[in-house]
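*Asks:* The following block contains the structure, expressed as C-alpha cells.
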Amino acid sequence: MAETPFKAEIERVQKEYSEKMTPGAVVYLPGSSVVNKTGSWRVFMPEFNRDKCVRCYLCYIYCPEPAIYLDEENYPVFDYDYCKGCGICANECPTKAITMVRETK
Amino acid sequence: MPIKKVMKANEAAAWAAKLAKPKVIAAFPITPSTLVPEKISEFVADGELDAEFIKVESEHSAISACVGASAAGVRTFTATASQGLALMHEILFIAAGMRLPIVIAVGNRSLSAPINIWNDWQDTISERDTGWLQFYAENNQEALDLILIAYKVAENEKVLLPAMVGFDAFILTHTVEPVEIPDQELVDEFLGEYEPKHAYLDPAKPITQGALGFPAHYMEARYTVWEANENAKDVIDEAFAEFEKKFGRKYQKIEEYRTEDAEIIFVTMGSLAGTVKEYVDSLREKGLKVGAAKITVYRPFPVEEVRELAKKAKVLALLEKNVTFSVGGALFQDFSRALINESEKPKIVDFILGLGGRDVTFKDLDEALAIAQKALNGEAVDEVNWIGLRKEIL
Ligand code: SF4
Ligand code: SF4
C-alpha cells in the first residue's frame, strides 16, 4: 500500500504529543491510525484463494477495519498492516475463497 | 430585581440550570431528584429555556449523552441521586479525564442494600475519587447558588473539570424554603457564554477525544486531572468572591460558626450544618466553648483551610453521614491526611450518624458532645463512634 501523504505531518504531531499533554488528552490531528498499524494484534490471518472468488465484495463491505481493497482486476487484496484477523471476511464469503490460518512468524 | 419564590431544592436546582442556559440536558428520573429534570422539561416545553432535553433510558446514558454534548462544545446539565449516580460511575471518570465541565445536581441519598431512598452522603462521597469537583449545599438557596458557582469554576480554563452539587434528599429536595432567583442578566454576566477551547465538534477542525492513552501518556493525563483539582482551589475562592460581589451572598470552602475561643468544633456538611449551628447556639448559652464548621467544598479538599481550622480547636468532632470501611467516615480520612504532619494538632473524633435518612436530633448531638468532652479532658475515646445506633436490635 502506498505511503500516506500525511505521514510526515502525523509523525510531527505524534512527537509533539509525546512532549506535551493536551487538556483532556485531546488529539488535534485525527488520522494517526494511518501510521499506527493495527495488524500486529492478529492471531489468525485471512488466506485468499483467487480461483474461488466470484468478486461479490461481501468481504470488502463487511471488513470492519477496512483492510480490504481492490486490485486492477477488481479482486480483493488484504492489507495485513491493518487486518486484525477477526475472520468476518471468511465468514461472509459465499464461496469459501477466504480461510483463516494461524499467523506464523 | 431578583425575585423570591418559595420552592424545594429540586426546583431551585432546575432554576439554576435555567439561569445557566445549558444547551443539552439529559436525565433519567430517580428519587429524590426526579423533580429537577421534570421542572427543566417544563421550562424547555414552555420555551423558557432554549435547550435539547434528552430523555434517556438510564443514568449511564444520561451522563454519556452529557459527555457527548459537552465534547461537542456546549454547556450541559443533568440531575441524579444514589443508585443513579452509582450507575454513572464509569462515565464520571471519563468526563473528568476528558476535562468536560458538566454539572450534575445530586439529591444526596443512601445506597442499597437495603433499598433506602432517604438522605445520607454515601452516593457523592463514593464518587470522591473520580476527579469531579464536589459542593454541598446547606439549604435550598445554596443549592441554586452553588450550581451557578459550579459552572463558573468548572469552565475556568485552569480547571476544566466536571462538578457535582449535592443537597440532602427530602430534607432539602422536598422541603420548601424562600429562595432568591437572581436576575438573568447578572447570571449571564457572571457565567458568560460557554466557549469550548479544547473540546468541540467542528468539521473544519477535526479532533479526536477520548482516545487510547498508552502507558507513556496515561499517567500524565491523570496528573493533569490532579493539577486541575489543585488549580480549582484558587479559582473557587475567586468565584466565591465574584459571586458575593454580584449577588451579595458569601460562600467559603469551610464556613466557620462561633469558632472564636472554641475548644470543641463540630465539623459537618450539607443540611446537618443548620442543625449543628442551632445546637452550638444552645451550648454557647450554657457557656460551653463549642463552635461549628461547614464544609461547602469537599473536592478539591480544602487542606489549607482545614489546617487553619485545626489551630482553633482542641477537639474536632466530625459528624458524617457516610461510611468508609475500616476508616470511619470519609471526612475522618481527609482530616487525618490534612493534619498528619502538623506539629500541633487537635484530637479528631469521628461520628457516623443519620444514615439512610435517620433524623439527627439534639439528643444525638448530646451523645457526640459527651464523647468529644471526654476527649477534651484527655480520656480515651473511640476514634470512630456510631451515634444513635440501636445496639439492642443487633
Ligand atoms: S480478517 Fe477481519 S480485518 Fe482482516 S480482512 Fe478479514 S474482515 Fe478485515
Ligand atoms: S466475499 Fe469471497 S467471493 Fe466475494 S469478493 Fe470476497 S473473497 Fe471474493
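The values are calculated or read from the model by the stated rules, or taken from the named source; none is laboratory data. Computed from a predicted structure; not experimentally measured. As a convention, Cβ positions derive from the backbone with ideal geometry for all residues, glycine included, and neighbour counts pool all protein chains shown. Calculation scope for accessible area: heavy atoms of the full protein, side chains included, ligands and nucleic acids excluded. Shrake-Rupley method; radii C 1.70, N 1.55, O 1.52, S 1.80 Å.
*Asks:* Suppose we filter segment A:46-58 for residues that are within 6 Å of ligand 2 (Cβ to nearest atom) and part of a loop (DSSP other than H, G, I, E, B); how many remain?
*Replies:* Of the residues in that region, 5 qualify.
*Asks:* Any residue that is of a type outside the set (Asp, Glu), surrounded by 16 or more Cβ atoms within 10 Å (Cβ to Cβ), under 30 Å from residue B:227 (Cβ atoms) and away from ligand 2 (no atom under 11 Å from the Cβ) - is there at least one of those in segment A:3-10?
*Replies:* Yes, that holds for at least one residue.
*Asks:* Looking at segment A:87-105, which of the residues that are open to solvent by less than 70 Å² (accessible area, probe 1.4 Å) and near ligand 1 (Cβ under 10 Å from one of its atoms) is farthest from the other protein chains (Cβ to nearest Cβ)?
*Replies:* My answer is A:93.
*Asks:* Does at least one position in segment A:59-80 carry a residue that is part of a helix (DSSP H, G or I), open to solvent by less than 60 Å² (accessible area, probe 1.4 Å), near ligand 2 (Cβ under 8 Å from one of its atoms) and in contact with an Asp or Glu (Cβ under 7 Å, 6 or more places away or on another chain)?
*Replies:* yes
*Asks:* Restricting attention to segment A:40-52, does a residue exist that is within 16 Å of ligand 1 (Cβ to nearest atom), open to solvent by less than 50 Å² (accessible area, probe 1.4 Å) and among the acidic types (Asp, Glu)?
*Replies:* No: zero hits.
*Asks:* Then there's this: Mind counting the residues in segment A:16-39 that are in a helix (DSSP H, G or I), over 23 Å from residue B:97 (Cβ atoms) and away from ligand 1 (no atom under 13 Å from the Cβ)?
*Replies:* Looking only at that region, the number is 1.
*Asks:* Please report, ordered by residue number, the strands (runs of 3 or more DSSP E) entirely within segment B:1-93 with at least 2 residues that are surrounded by 24 or more Cβ atoms within 10 Å (Cβ to Cβ) and among the small types (Gly, Ala, Ser).
*Replies:* B:24-27
*Asks:* While we're here: Hey, any hits in segment B:264-273 for a residue that's in contact (Cβ under 8 Å) with a residue 12 or more places away in the chain, open to solvent by 40 Å² or more (accessible area, probe 1.4 Å) and part of a helix (DSSP H, G or I)?
*Replies:* The answer is no; no qualifying residue exists.
*Asks:* If I go through segment B:99-144 residue by residue, how many of them are within 14 Å of chain A (Cβ to nearest Cβ) and in contact with a Ser or Thr (Cβ under 8 Å, 6 or more places away or on another chain)?
*Replies:* Count: 4.
*Asks:* Something else about it: Somewhere in segment B:312-331, is a residue assigned to a loop (DSSP other than H, G, I, E, B), on the phi > 0 side of the Ramachandran plot and surrounded by fewer than 24 Cβ atoms within 10 Å (Cβ to Cβ)?
*Replies:* Scanning segment B:312-331, I find at least one residue that is assigned to a loop (DSSP other than H, G, I, E, B), on the phi > 0 side of the Ramachandran plot and surrounded by fewer than 24 Cβ atoms within 10 Å (Cβ to Cβ), so the answer is yes.
*Asks:* Taking the options A:34, A:27, name whichever one is surrounded by fewer than 18 Cβ atoms within 10 Å (Cβ to Cβ), within 14 Å of chain B (Cβ to nearest Cβ) and either within 30 Å of residue B:201 (Cβ to Cβ) or basic (Lys, Arg) (or both).
*Replies:* A:34
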